[in-house]
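Working notes for the structure below.
Each value in this text was obtained by applying a stated rule to the coordinates, not by laboratory testing. Being a predicted model, the structure only gives us computed values, none of them experimental. Reconstructed Cβ throughout: ideal geometry from the backbone, glycine too, with neighbour counts over all protein chains shown.
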Amino acid sequence: MSLMKRWEINSIGMQHLRLNHVATPTAGPGEVLVKVNAVALNYRDKMVIETGRGLPLRFPFTPGSDVAGEVVAVGKGASRFEVGMKVISTATPDWIDGLRAGTARTPAYQTLGGYYPGVLAEYVAMPEDWLVSAPSTLEPWQACTLPVAGLTAWFALVERAGVRAGDTVLIPSTGGVALFGLQIAKANGAKVIVCSQPAYEARARALGADHFIDVNSDWTEAVYQLTADRGADIILEVIGGKHLGQSVQVTAVGGHICQIGALDGWDIIAPAMPLMLKDITLHGIGTGSRTALERFIRAVDQARITPVVDSRYSLGDLRAAFEHLKKRPFGKIVIDVAG
């Protein structure tokens with residue numbers, strides 16, 4: 001029996017995270033076996049390990065959702081991929097196209113590394129429909145950042161807010177989603193204002209930021225001044241909590257706010273009067289569909305969008321990678337799985 005390494009928890013809590021030797025999976029009917037090259041971490045992965053996020057985790061549970069790898073075996077009836085093809089995961093695998101599944105009472109939250117087992121392992125076997133062809137212009141350690149951070153930014157800006165040339169986009173962060181948003185907005189001809197720590201200004205401008213605001217300053221007033229009081233057409237609201245209220249204040253008339261993150265808390269707060277008087281559209285964004293990911297991949301290849309990776313760690317250094325993730329890095333944290 002062939003063995004491989006896989007990270008697992010047998011109970012909620014980072015202290016239960018173990019790198020175990022387990023049987024290498026095989027590709028069942030309709031599945032493919034993928035040799036994992038790289039996995040990108042998301043803050044959600046840390047939260048799932050530490051709290052469970054109220055998900056029906058089945059132990060032993062493997063975290064992680066964003067994988068880039070190579071197909072090494074094809075199960076009976078599978079036909080979308082051939083051995084040797086480079087692939088990346090779809091973090092919300094049941095969402096192929098159109099509207100996300102779920103009801104008003106029960107929104108769907110069926111993701112890899114949560115409802116479904118994750119990908120922090122040397123090999124993963126999964127249904128072929130859960131994967132897409134990787135971009136041809138990226139290395140695996142770059143491509144693995146697309147399924148959540150990249151797609152979330154793309155789905156918000158392009159698929160929902162309809163970013164276009166001449167728009168002003170406000171991005172109040174320099175994390176993974178934010179930096180993808182910066183590059184996507186610029187590729188579509190928008191002007192971008194980044195608000196973050198001063199230490200990140202040079203790197204944000206190098207990626208194309210037209211303006212940079214020190215997050216420790218009166219950033220709402222700075223947005224008014226930079227836009228001659230017009231405000232931002234689109235805001236990637238990756239912070240949440242009370243921060244949404246400030247975003248409402250600086251949104252242009254007829255503008256869009258894409259609510260993505262919850263770094264400042266799950267209960268968002270905003271003043272109703274400017275929300276109504278400015279005819280603001282608020283989009284709730286939770287990744288995107290497989291079809292949207294395929295469109296994004298084509299854009300990545302054509303526009304030569306390059307993911308920003310802050311640091312790379314080996315598979316055995318996962319704990320250190322999660323510690324780094326807590327420090328809000330500039331871009332993504334990646335685990336190099338293949339040697």
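Compute, for segment 209-333, the length of the dipole vector about the Cα centre, with Cβ point charges of +1 (Lys, Arg) and -1 (Asp, Glu) only. Units Debye, rounded to 20.
540 debye
Helix-only mean residue ellipticity at 222 nm, the chain, DSSP H runs n ≥ 4 weighted -39,500 (n - 2.57), per residue, nearest 500. What is it?
When only DSSP H runs of four or more count, the value is -6000 deg cm²/dmol.
Compute the distance in nm between two label points, each set 7 Å from the Cα along the Cα-to-Cβ direction, one at Gln197 and one at Ala228.
3.6 nm
Take the alpha carbon gyration tensor of the chain, find the square roots of its eigenvalues, order them as a ≥ b ≥ c, and report rounded if a/c is under 1.5; if not, report prolate when a/b exceeds b/c, else oblate.
prolate
Using the crude model of +1 on Lys and Arg Cβ and -1 on Asp and Glu Cβ, and no other charge, please compute the dipole size for the chain relative to its Cα centre, in debye to 20.
Dipole of the chain, to the nearest 20 debye: 360 debye.
Let's see if you can work this out: charge +1 on each Lys and Arg Cβ, -1 on each Asp and Glu Cβ, no other charges. What is the dipole magnitude of segment 150-284 about its Cα centre, in debye to the nearest 20?
My answer is approximately 320 debye.
Would you work out if segment 103-184 is rounded, prolate or oblate? Take a ≥ b ≥ c from the square roots of the eigenvalues of the alpha-carbon gyration tensor; rounded if a/c is under 1.5, else prolate when a/b is larger than b/c, oblate otherwise.
Verdict is oblate for segment 103-184.
Shape call for segment 150-284 from the C-alpha gyration tensor, a ≥ b ≥ c root eigenvalues: rounded (a/c under 1.5), prolate (a/b greater than b/c) or oblate?
In terms of gyration-tensor shape, rounded.
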